[in-house]
Amino acid sequence: MKKEMRYLVPNDYMADPSVHVFNGRVYIYPSHDWESGVPENDNGDHFNMRDYHVFSTDDVMHGEVVDHGVVLRVEDVPWAGRQLWDCDIAEKEGRYYLYFPMKDRNDIFRLGVAVGEKPEGPFIPQPDPIKGSYSIDPAVFKDDDGSIYIYFGGIWGGQLQRYRDNKAIEHPCLPDNDEPALPSRVVKLRDDMLEFAESPRAVLITDVDGNPLKASDPHRFFEASWMHKYNGKYYLSYSTGDTHLLCYAIGDNPYGPFVYQGVILTPVVGWTTHHSIIQYKGKWYLFHHDCVPSGGKTWLRSLKVVELEYDEDGKIQTIDGGGE
Ligand code: FUB
């Protein structure tokens with residue numbers, strides 16, 4: 001049986017959805033794609049996004065999706081260079097903290113934070129990027145004990161290969177095929193939510209025997225981390241980039257290690273694949289994007305949602321992305 005899918009914002013190009021439930025309502029924080037005319041390349045220059053909108057709904061598959069308008073623009077950020085990529089948000093004590101990656105004036109991706117009083121913004125950016133931050137795709141996870149973590153990182157255009165042990169290296173370097181894949185990072189946030197509380201740690205994904213997934217493995221991490229909890233286990237999900245899958249791995253705590261489990265979404269139409277997973281009104285949903293409405297233009301992506309299902313043993317049932 002074909003699963004029901006829904007395009008959430010059919011009149012505009014939105015991608016990289018980060019989705020959370022605040023005050024009983026679903027809030028969506030996407031990247032905002034547009035036709036900027038920048039040619040496509042492996043550096044991701046064609047993803048030349050310049051602002052964020054926020055959307056919300058109280059009925060994921062069929063309800064009205066409200067556009068709350070522009071909540072942050074490149075020119076609002078004091079340290080701005082270019083390219084607002086995938087953002088995410090966390091709530092603490094009634095305030096909302098929007099974490100976003102953007103290139104600074106030296107064309108280096110850093111993570112910034114902007115603060116708002118409501119989930120729909122507006123958000124006021126801090127004057128400087130988060131100290132010690134680098135690369136892209138922040139995904140924020142609030143654990144049951146109130147601790148808040150950010151997962152981040154992405155290779156190729158996301159610049160993760162430029163760092164070792166949280167320090168920039170002179171010569172960017174991807175591992176050889178039979179070496180362990182480059183890991184994403186996780187870090188706990190400070191109580192004030194504006195800085196890291198510690199040094200970012202590498203997120204290890206292993207096979208069932210405890211061996212790290214190799215750089216040649218089509219299921220290795222590339223970008224677009226997400227964390228959710230199901231039956232007390234920590235589900236790390238991510239995009240495999242150039243092999244175009246969304247995969248997941250399970251751990252016993254937010255830092256990992258995580259044991260690889262399988263594919264959540266097979267390739268979509270388009271190069272990138274990206275997602276978030278939430279539970280709302282008793283159902284689980286996978287928010288993602290594809291390029292069907294733009295006729296396959298990789299830089300013009302459209303937001304989608306589909307219901308996610310688990311087997312009795314906690315395995316996620318694979319969904320057909322409709323590509324390849
Ligand atoms: O939208 C720009 C980049 O493309 C994101 O940061 C990646 O995750 C990929 O979706």
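The values are calculated or read from the model by the stated rules, or taken from the named source; none is laboratory data. Since the model is a prediction, treat every value here as computed from it, not as a measurement. Reconstructed Cβ throughout: ideal geometry from the backbone, glycine too, with neighbour counts over all protein chains shown. The accessibility values were calculated without ligands, DNA or RNA, using every heavy atom of the protein model including side chains. Shrake-Rupley method; radii C 1.70, N 1.55, O 1.52, S 1.80 Å.
A compact table of results
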{"item": "Members of the stretch 173-213 that are over 25 Å from Pro267 (Cβ atoms), in a loop (DSSP other than H, G, I, E, B) and not acidic (Asp, Glu)", "result": "Cys173, Arg190, Met193, Leu194, Ala197, Ser199, Pro200, Leu204, Gly210, Asn211"}
{"item": "Top-ranked residue of the stretch 27-39 - restricted to ones that are more than 12 Å from the ligand (Cβ to nearest atom) and either modelled with pLDDT under 95 or buried (at least 23 other Cβ atoms within 10 Å of the Cβ) (or both), ranked as nearest to Lys103 (Cα to Cα)", "result": "Tyr29"}
{"item": "Condition broken by Asp145, with the remaining ones in (1) closer than 29 Å to Ser56 by Cα; (2) part of a loop (DSSP other than H, G, I, E, B); (3) modelled with pLDDT of 95 or more; (4) in contact with a strand residue (DSSP E or B) (Cβ under 7 Å, 6 or more places away or on another chain) satisfied", "result": "(4)"}
{"item": "Any chance Phe258 is buried (at least 19 other Cβ atoms within 10 Å of the Cβ) and under 27 Å from Asp58 (Cα atoms)", "result": "no"}
{"item": "Any chance Ser216 is at negative phi, part of a loop (DSSP other than H, G, I, E, B) and free of Cβ contacts under 8 Å to residues at least 60 places away in the same chain", "result": "yes"}
{"item": "Any pair with Cβ under 6 angstrom, 6 or more apart, that starts in the stretch 72-92 at a residue that is within 22 Å of Val19 (Cβ to Cβ) and ends at one that is open to solvent by less than 30 Å² (accessible area, probe 1.4 Å) and in a loop (DSSP other than H, G, I, E, B)", "result": "Leu72/Phe123; Leu84/Met49; Trp85/Ile136; Asp86/Asp137; Asp88/Pro138; Lys92/Met193"}
{"item": "Some residue of the stretch 177-186 being within 22 Å of Val115 (Cα to Cα) and surrounded by 19 or more Cβ atoms within 10 Å (Cβ to Cβ)", "result": "yes"}
{"item": "Subset of the stretch 106-132 (residues that are under 16 Å from Gly157 (Cα atoms) and in a loop (DSSP other than H, G, I, E, B))", "result": "Asn106, Asp107, Ile108"}
{"item": "Residues satisfying the stated conditions in the stretch 286-321, i.e. among the aromatic types (Phe, Trp, Tyr) and open to solvent by 20 Å² or more (accessible area, probe 1.4 Å)", "result": "Trp299, Tyr310"}
{"item": "The listed residue being more than 16 Å from the ligand (Cβ to nearest atom) and either within 23 Å of Gln83 (Cα to Cα) or without any contact (Cβ under 8 Å) to a residue 24 or more places away in the chain (or both), out of Lys142, Lys188, Lys131", "result": "Lys131"}
{"item": "Which numbered condition His62 misses (of (1) away from the ligand (no atom under 15 Å from the Cβ); (2) in a strand (DSSP E or B); (3) open to solvent by 40 Å² or more (accessible area, probe 1.4 Å))", "result": "(2)"}
{"item": "Condition check for Val269: aliphatic (A, V, I, L, M), open to solvent by 10 Å² or more (accessible area, probe 1.4 Å) and in contact (Cβ under 8 Å) with a residue 40 or more places away in the chain", "result": "yes"}
{"item": "Positions within the stretch 130-167 being open to solvent by 20 Å² or more (accessible area, probe 1.4 Å) and touching a Gly at 6+ places or on another chain (Cβ under 8 Å), in sequence order", "result": "Trp156, Asn166"}
{"item": "Complete set of residues in the stretch 25-54 that are touching a strand residue (DSSP E or B) at 6+ places or on another chain (Cβ under 9 Å) and either on the phi > 0 side of the Ramachandran plot or not in a loop (DSSP other than H, G, I, E, B) (or both)", "result": "Arg25, Val26, Tyr27, Ile28, Tyr29, Pro30, Ser31, His32, Asp51, Tyr52, His53, Val54"}
